[in-house]
1. Rounded to the nearest 0.05, what FRET efficiency do GLN107 and GLU282 give with R0 = 30 Å and r taken as the Cβ-Cβ distance? Could you check?
2. Straight-line reach only, C-alpha to C-alpha below 13 angstrom: list the aspartates and glutamates that LYS288 could link to, leaving out same-chain residues fewer than 8 apart.
3. Work out, in µm²/s and without decimals, the Stokes-Einstein translational diffusion coefficient of segment 472-538 at 25 °C, 0.890 mPa s, Rh from Kirkwood over C-alpha pairs.
4. When DSSP beta bridges are limited to those with both residues in the chain, what percentage is antiparallel, rounded to the nearest 5?
5. If the cut-off is a Cα-Cα distance under 18 Å, which lysines reach LYS304, setting aside same-chain residues fewer than 8 apart in sequence?
6. May I ask for the Rg/Rh ratio of segment 333-375, computed from Cα atoms with Rh as the Kirkwood radius, given to two decimals?
7. Using R₀ = 60 Å, calculate the FRET efficiency as 1/(1 + (r/R₀)^6) where r is the Cβ-Cβ separation of LEU571 and GLU256; round to 0.05.
8. What's the extension gain from LEU188 to GLU367 if we count 0.36 nm per residue and subtract their Cα-Cα distance?
Amino acid sequence: MNHIHSRSRRFRRAAAALGLWTAISASGCRGVPDITETSAPAQQDYEVYTEASVQAQNAFDQFTEELFQKEISADAISLHYSLADPSAYGIDDPATAFGSASLESLQADMADTKSVQEELLQFDRSLLTEDQQLTWSVLNSYLETALMSDGLELYSRPLSPTIGIQAQLPILLAEYPFYTRDDVEDYLWLLSQIDVYYGELEEFEREKSAAGLYYSDTTIDHLIQSCESYLIPAQDNFLTETFEEKLAGLTDVTEEEKQAWRQEHVSLIGEHFVPAYQSLIETLTSLKGTGTNEAGMCGYPQGKEYYEYLVYAATGTSYSSVDDLTDAVTNRIEEDAMAVAEQLTPELYEEMLTYTFSETDPDAILESLQVQIQEDFPQLPACSYTVKEVPEALELSLSPAFYLTPPMDRFQDNVIYINGSEQYASTPLYTTLAHEGYPGHLYQTVYFSSVCDEPVRHLLSFPAYTEGWATYAEFQSYYFDNGLSPQLQDLLMHNQAVSLGIHALLDLNINYYGWTEDQTAAFLEETYGITDRETVNRMFEAMVDNPSNYLEYYVGWLEIQEMREQAEETLGTGFNAMDFHTFLLDMGPAPFSLIRTYFQSWLVTAPLSQNAA
């Protein structure tokens, strides 16, 4: 389930819109040419080739449609966040409330992954349409990466202090949309099943522990702290508040029905929701002392192998090895650090300590951003958004901000949460809302939903594409008309890139190369003058708690930035930011290893398109 786009990570999502396809041509994403098959069939074989193509394209449509329907209906919460009206797409009731968290289910999923890839590879890619060829390549890459974790299922981490299921599922419940009375009943059913689902999670955690793969006591303490945020009073809490707000929007139910639902809701929180977290805390407490690895992921028996899988699953990087990627990250940090050193003056440093953006109100910022992006980013269809504050009780367990993805068939409705915790007071709201809103997650999600109706494309998660775009958007916003001087804009952007880059580099070095806390401290002091040991400890623990998390943001941005710089160098005065952004947005979520291939073709065709225009 990938519903939350945040500045920490996205929750896993299975979401798609099912298109009605014709017998000959499949619907798809616009504007992306195929560049891997350039040869044409001989003229005398044209009729045979056409017949074979039509058959292959129809079969591929059926394959992707069936795959979509199977995956999207696997659990209720993914289905509801993916489609507001599943019945309109021929989707029946979901199989489970939240899916399964057992080791057996993960192993079964791996077997299914192998089966799906075997079926995919039966298709002759050259007989498919251009859009289908792109879908084939994206899906194949996704499956190949997933298979890297075959046999390593116990290394997965469903729980994590700020980005785990236990931290983000309650927000999904709070925002669970009510379109009809049936949605209320489904929501109440979900609440009644959460302790069952968490029971499976607890058994999975015990199996991890028995296999010698459990977390350090420090990480467990962080998880327990996250869970404690949800030990809420049954009658007065963030869930009852949002429940009341959503009930108020239903006009076709009676007050008697609403009152009955309210009473049931309070009972379910007290009898299922809170006990689920109490039980999870008890299980975590009982497992303290069973984890002997105080290092990063590479400290486990096959941890380095699993982390390599995480790197490619998180980044889809075009770099062929973790070593090459680490070198690229290191070189980019050095470039940005050099830019900071060259630009920094005493006067600019003083300005850096006291600057404020011209807009500070969330709605005013988002309105301003929508105006700022019009010149360089394609226009969106009409949509709306709501800005909400993270409930105070949850501030410590959630990210500084996050965006909730809307259903594919209601992409017009969007929600952004802002965390008002003091720990995030130094995070600029202007650039944060550029990341979460315009031209970041909200913009990217609405755009792709409006131009692409290939269902399977919406099922697949490529975090670095999504978070990399949002980080790119955030960095671009420093250069908008925002009240800052040009010199300060450039300095802040490079400084933020260095900061994020350091986190990505530590992620790699701690989890893949085995840096200890002392090595981390020495590196930060020698290279960047960071001497505060408490800061070092927090950074080290964050990498251990969330391996590969920071790579999504930084490596995704790095890949996009490198493509932009190559385009600017190759096209010179012919470079057009609108065209570059449209190319990336039309590609949609995909691995950069594939995007880069299409990008090389775009570099050739972009000047031709401009001349034709």
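The values are calculated or read from the model by the stated rules, or taken from the named source; none is laboratory data. Since the model is a prediction, treat every value here as computed from it, not as a measurement. Backbone-built Cβ (ideal geometry, glycine too); neighbour counts: all protein chains shown. What goes into the accessible areas is simple: the full protein's heavy atoms, side chains included, and nothing from ligands, DNA or RNA. Shrake-Rupley method; radii C 1.70, N 1.55, O 1.52, S 1.80 Å.
1. Taking R0 as 30 Å, the efficiency between GLN107 and GLU282 is 0.65.
2. Reachable aspartates and glutamates: GLU205, ASP217, ASP221.
3. 181 µm²/s
4. Percentage antiparallel, nearest 5: 50.
5. The reachable lysines, counting only those whose Cα sits under 18 Å from LYS304, are LYS208.
6. In segment 333-375, Rg relative to Rh is 1.16.
7. The computed FRET efficiency comes out at 0.35.
8. That works out to 60.8 nm of additional length.
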